[in-house]
Amino acid sequence: MKLAIVYFSATGNTEKIAKTIKEQFIELKNTIDEINITNYSERNALKNFSLYEALIFGFPIHYWRAPRLIREWFTNLDGKGIKCAVFFTYGGVNAGIAHYNIKTIMDKQNFNLIASAEFLGKHTYNLAGWKLMETRPNKEDLKIAKDFASKSYQRFIGKDTSRVEFEKPKKSNEEIDTIELAARRAIPTPFREINECSMCGTCEEVCPTNAMNKENGKPNRRICIRCLRCVVNCPDQVLIMKNMSAQFQLQQQFTLIEEELRIKKSKILL
Ligand SMILES: Cc1cc2nc3c(=O)[nH]c(=O)nc-3n(C[C@H](O)[C@H](O)[C@H](O)COP(=O)(O)O)c2cc1C
């Protein structure tokens, strides 16, 4: 079978799971193209999937759903009924309504979603003083990723004819839009603190939204999605984030129960 795995990954968690899924499909004797759509230009160039018999999509969760830029990207695509599996990585706070939401979007664009999964990954804001899922994805997560590939394959080849269904969540998209807007405003943007920058321009090249400006070492606040791809890729390590431990402590008080976090597992939803 000729497949493609298409993913967005700012800090590497989603990419790690994608590569594991790819290996398993190769093991199952398929041909699989790896398409990384994190960069603006690659994402916007990919419009046609006619080369493929099935697709696997992978995204991080940003504010309880796939990143806004991915949700918007889908609205210009026509899946022409192609079978798809989707997976998310998230930092252990909440997977929110990501599965239901992506299914609604994909149904509308004529993609046939047959399987879904979620994987724990170190939280992006560990780069700003958080301490969440620091060692994830781990071996157990990667094992679940392989299993997800095998189970999706059974559905791709029609041995298992079920599709994935989700209950309508209690929170609406509009309610989550409000949460997203408030959270985004509260999260600072990365910046260059010291002057030992070689002006290599990597930060501009890797920015998924073309928000970064290497001249002043700051992104455009309005366009920056706070994904920290520039911070993890800066070869001079001169880009930093303001410490966000205060937000972390606040979250800990209300939603991050130590006991519950310790036993969180990656999950396949079939
Ligand atoms: C803007 C933003 C919003 C996020 N929102 C959530 C969230 O709602 N729930 C959660 O558990 N993790 C959240 N995270 C953490 C990421 O989902 C997690 O670290 C993910 O694995 C990152 O994937 P990547 O390394 O492929 O970019 C968020 C991260 C960012 C940057």
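The values are calculated or read from the model by the stated rules, or taken from the named source; none is laboratory data. Please read these numbers as outputs of a predicted model, since none were measured by experiment. Virtual Cβ from ideal backbone geometry, glycine too; neighbours counted across all protein chains shown. Surface areas here come from the heavy atoms of the whole protein model, side chains and all, with no ligands, DNA or RNA. Shrake-Rupley method; radii C 1.70, N 1.55, O 1.52, S 1.80 Å.
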Of the residues that sit in the range 202-239 and are assigned to a loop (DSSP other than H, G, I, E, B), over 12 Å from Pro190 (Cα atoms) and touching a residue at least 60 places away in the same chain (Cβ under 8 Å), which one is nearest to the ligand (Cβ to nearest atom)? Pro208
Tyr125 is checked against (1) touching a Pro at 6+ places or on another chain (Cβ under 8 Å); (2) of a type in the set (Phe, Trp, Tyr); (3) farther than 23 Å from Lys22 by Cα and fails just one. What number does that condition carry? (1)
Quick test of your reading of the structure: Gly158 fulfils all but one of (1) surrounded by fewer than 24 Cβ atoms within 10 Å (Cβ to Cβ); (2) within 16 Å of the ligand (Cβ to nearest atom); (3) farther than 23 Å from Ile176 by Cα; (4) not aromatic (Phe, Trp, Tyr). Name the failing condition by number. (2)
Residue within the range 127-141 that is open to solvent by 60 Å² or more (accessible area, probe 1.4 Å), of a type outside the set (D, E, K, R) and out of contact with any His (no Cβ under 8 Å at 6 or more places or on another chain) present: yes
For Leu181, indicate whether it is in the same structural domain as Lys242 (by TED's automatic domain parsing) and surrounded by 14 or more Cβ atoms within 10 Å (Cβ to Cβ). no
What strands (runs of 3 or more DSSP E) completely inside the range 6-100 contain at least 1 residues that are touching a Leu at 6+ places or on another chain (Cβ under 8 Å) and closer than 23 Å to Glu165 by Cβ? 54-60, 83-90
When you check Asn243 against the structure, is it over 29 Å from Ile105 (Cα atoms) and part of a loop (DSSP other than H, G, I, E, B), yes or no? yes
Residues in the range 161-180 that are within 12 Å of the ligand (Cβ to nearest atom) and either farther than 29 Å from Ile56 by Cβ or touching a strand residue (DSSP E or B) at 6+ places or on another chain (Cβ under 6 Å) (or both): how many? 0
Of everything in the range 7-45 that's open to solvent by less than 80 Å² (accessible area, probe 1.4 Å) and acidic (Asp, Glu), which residue is farthest from Leu228 (Cα to Cα)? Asp33
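Condition test on Ile268, is it under 30 Å from Arg163 (Cβ atoms), in contact (Cβ under 8 Å) with a residue 24 or more places away in the chain and β-branched (Val, Ile, Thr)?
Values: under 30 Å from Arg163 (Cβ atoms): yes; in contact (Cβ under 8 Å) with a residue 24 or more places away in the chain: yes; β-branched (Val, Ile, Thr): yes.
The answer is yes for Ile268.
Any residue at all in the range 253-265 that's among the β-branched types (Val, Ile, Thr) and within 19 Å of the chain's Cα centre (by Cα)? Break it down stepwise before answering.
If we filter the range 253-265 for residues that are among the β-branched types (Val, Ile, Thr), which is where we start, we get 255, 257, 263.
Filter once more, keeping what is within 19 Å of the chain's Cα centre (by Cα): none.
No, the conditions are met nowhere in the range 253-265.
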Can you tell me which residue among Asn101, Asn94, Asn76, Asn48 is open to solvent by 20 Å² or more (accessible area, probe 1.4 Å) and within 13 Å of the ligand (Cβ to nearest atom)? Asn94
